[in-house]
1. For the condition open to solvent by less than 10 Å² (accessible area, probe 1.4 Å), touching a Ser or Thr at 6+ places or on another chain (Cβ under 7 Å) and under 30 Å from V98 (Cα atoms), what is the one hit in V314, V329?
2. Residues in region 280-308 that are away from the ligand (no atom under 16 Å from the Cβ) and among the charged types (D, E, K, R): how many?
3. Looking at (1) open to solvent by 10 Å² or more (accessible area, probe 1.4 Å); (2) at pLDDT 95 or above; (3) of a type in the set (A, V, I, L, M, F, W, C), which is the only condition F295 fails?
4. Which ones in region 134-153 are surrounded by 23 or more Cβ atoms within 10 Å (Cβ to Cβ) and more than 17 Å from R389 (Cα to Cα)?
5. Taking the residues in region 200-255 that are at positive phi and modelled with pLDDT of 95 or more as candidates, determine which candidate is nearest to the ligand (Cβ to nearest atom).
6. Within region 135-152, can one find any residue that is within 16 Å of the ligand (Cβ to nearest atom), within 30 Å of K381 (Cα to Cα) and among the aromatic types (F, W, Y)?
7. Restricting the search to region 348-398, which residues are assigned to a loop (DSSP other than H, G, I, E, B) and either open to solvent by less than 20 Å² (accessible area, probe 1.4 Å) or within 20 Å of V32 (Cα to Cα) (or both)?
8. Residues of region 284-315 being outside any loop (DSSP other than H, G, I, E, B) and under 28 Å from E250 (Cα atoms), which ones?
Amino acid sequence: MKRRRITVAIFLFLSNSLFAQKYELIIKGGHVIDPANGINRIMDIAVSKGTIARIAVTIKDSSEKVINAKGLYVSPGFIDIHTHVFVGTQAGLFANGVNSVSPDDFTFRSGVTTVVDAGTSGWRSFPLFKKQVIDQSRTRILAFLNIAGEGMTGAEREENTEDMDADSTAKMIRQFPEIIAGVKIGHYNGKEWMPFETALNAAGKAGKPLFVECHLPQYTLQEQLSRMRPGDIITHTFENISERMPIIGEDGKVRSFVLDARKKGILFDLGHGGAGFWFDQAAPAVSQGFFPNSFGTDLHRFSMNSAMKDMTNVMSKFMALGMTLEEVVQTASWNAARAIRHSDLGNLKEGNPADLVIFSIRKGQFGFMDSAGKSIHGNKKLETEMTIRAGKIVWDLNGLSAKKPEQ
Ligand SMILES: [Zn+2]
């Protein structure tokens, strides 16, 4: 009897030490770009319990799965701070409607692990958005709450100033401070500043940034920027449409009040969308060193089928305009994380969620379009090989993690 117990004990000891793997996943030999931590070299990354367990030049410990990332790049999962993902059944609408998209259907294939919904819901409809989409998705979904109580429900309801309430908006944010990243103002045709000020007030009460989505034709750009606070975000930076003054002046330079706003700490998000990206704005801006702070794609049913397409296409387009690979990765990861005040995201510090993307750079001739129907060419294009969300492989383009079929 005693001998049997000892045998069992020895067996348990051996099975724990010999067969238990230290990590769930190791990504080996990839070129890691993690601008927040100053990493731009070949390294190994180990993942355990959904978090980054270790990052080192060589990791020799055991792992349930090993991904060979030789010849590929590895970076923090991309963060898209301007999307419309409150998908539902309402015809012709973004809020609970068919104009929004289901996030998991589009995010992972372009290396995106976190999206921020740009005010498609307001404080009244956020609980439905959470139940219907946020809680059902593997993509991490955060939200800017629209100052309009019902969110993006079409001009008539969205512009009803009686349904803009700073207290109720701030209260909902305080209830979900980890999910709600700020307050959005956009789509208002009136002249009064009440909606803008109410949104600012709600953001102030909740201690969160304001996200300005434009479509505010009666407000001048200069006045909007002057009312915004450091850390507030304006999107559709490179649009050139009648409803808003473009950021490039008659002299071909970024306007001085725009430069002053950036100096003050206002963040300029891309907001590509269907009509928000023009080469006549972006090309001179980038060549003058005025980069977007983040690559919000304005993902929705229409933009993804136009010049925008997806995050990696947007990143490749900015490389064609002159940004470096490290700069576009930083814009899509760490800069975006800081804008939404999530220092646990967008970088590969040990202990952070293991949200990662492995990508290749294809070489060839590629065309990149803008919202005016113009195109430029580039010779590099990012392609997402694998996306990992909280340590789990959620996209694997070429079967990097798969086994060979049995003969
Ligand atoms: Zn939008």
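The values are calculated or read from the model by the stated rules, or taken from the named source; none is laboratory data. Treat the numbers as computed from the prediction; the structure is a model and nothing was measured. As a convention, Cβ positions derive from the backbone with ideal geometry for all residues, glycine included, and neighbour counts pool all protein chains shown. The area values use the complete protein model at the heavy-atom level, side chains included, leaving out ligands, DNA and RNA. Shrake-Rupley method; radii C 1.70, N 1.55, O 1.52, S 1.80 Å.
1. V314
2. Selection size over region 280-308: 1.
3. All conditions pass for F295, except number (1).
4. Answer for region 134-153, where residues must be surrounded by 23 or more Cβ atoms within 10 Å (Cβ to Cβ) and more than 17 Å from R389 (Cα to Cα): A143, F144, L145, N146, I147, A148, G149, G151, M152, T153.
5. In this case the residue turns out to be H236.
6. no
7. L348, K349, E350, G351, N352, A354, D355, D370, A390, G391, L397, N398 - these are the residues of region 348-398 that are assigned to a loop (DSSP other than H, G, I, E, B) and either open to solvent by less than 20 Å² (accessible area, probe 1.4 Å) or within 20 Å of V32 (Cα to Cα) (or both).
8. If the condition is that a residue be outside any loop (DSSP other than H, G, I, E, B) and under 28 Å from E250 (Cα atoms), then P284, A285, V286, S287, S294, V314, M315 are the ones that fit.
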